[in-house]
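The values are calculated or read from the model by the stated rules, or taken from the named source; none is laboratory data. Note that the coordinates shown come from a computational prediction; the quantities given were computed from them, not determined experimentally. Cβ placement follows ideal geometry from the backbone for every residue including glycine, while neighbour counts extend to all protein chains displayed. Ligands, DNA and RNA are excluded from the accessible area calculation, which covers all protein heavy atoms including side chains. Shrake-Rupley method; radii C 1.70, N 1.55, O 1.52, S 1.80 Å.
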Amino acid sequence: MGFTCAQGVLTLLVLTASMLAVGTASRPIAGRPANYSNFGFNHSFWGPRNGHPFHPNNNSTRPPKKFIVGGSDHWRYGFNYTDWVFNNGPFYVNDTLVFKYDPPSKTTFPHSVYLLPNLRSFMTCDLSRAEQVATVAQGGGEGFEFVLKNWWPHYFACGEHDGVHCKEGMMKFFVMPLIGPYHG
């Protein structure tokens, strides 16, 4: 049984809807009681409130944030980045992901950062059409910064050892940045 294009599109839609639901679930909306729920959107049947249909309160914007990928564990083999994304989201357009990893040495394995083109490449760790966005030398010091400039899924993976870090070391994750009130 092969992976068809229709299955890929359906999977992408389900993952995107899930990320949107998780990113907006149980988040209090400014000016609303904590138990108020409108699925994370501040609109009603009759139209938007506060001037914009998807912004809870135009006076309560947050500037773009920087997230260190993996937190204090940084970008390393064997860490569960799916859990990290789930626990640190939602992510918004213009937020920055900071990849920190040691440069290669006799005691550390090299890491890199690749941006994969689609869900299928992400699921199979196929790096053949991926774009390298950070080399093995760019994760030291303050780390490599990647700004989420677009509203589409971003699939990240380590490309070292022919994808072994991605396949077996769990060094992959994806984020679907939301459009925030500071998006320009």
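Yes or no: residue 82 in a loop (DSSP other than H, G, I, E, B), out of contact with any Leu (no Cβ under 8 Å at 6 or more places or on another chain) and β-branched (Val, Ile, Thr)? Walk me through it before giving the result.
Working: in a loop (DSSP other than H, G, I, E, B): no; out of contact with any Leu (no Cβ under 8 Å at 6 or more places or on another chain): yes; β-branched (Val, Ile, Thr): yes.
It is false that residue 82 is in a loop (DSSP other than H, G, I, E, B), out of contact with any Leu (no Cβ under 8 Å at 6 or more places or on another chain) and β-branched (Val, Ile, Thr).
Does region 55-71 hold any residues that are modelled with pLDDT of 95 or more and open to solvent by 50 Å² or more (accessible area, probe 1.4 Å), and which are they?
Selection gives 66, 68.
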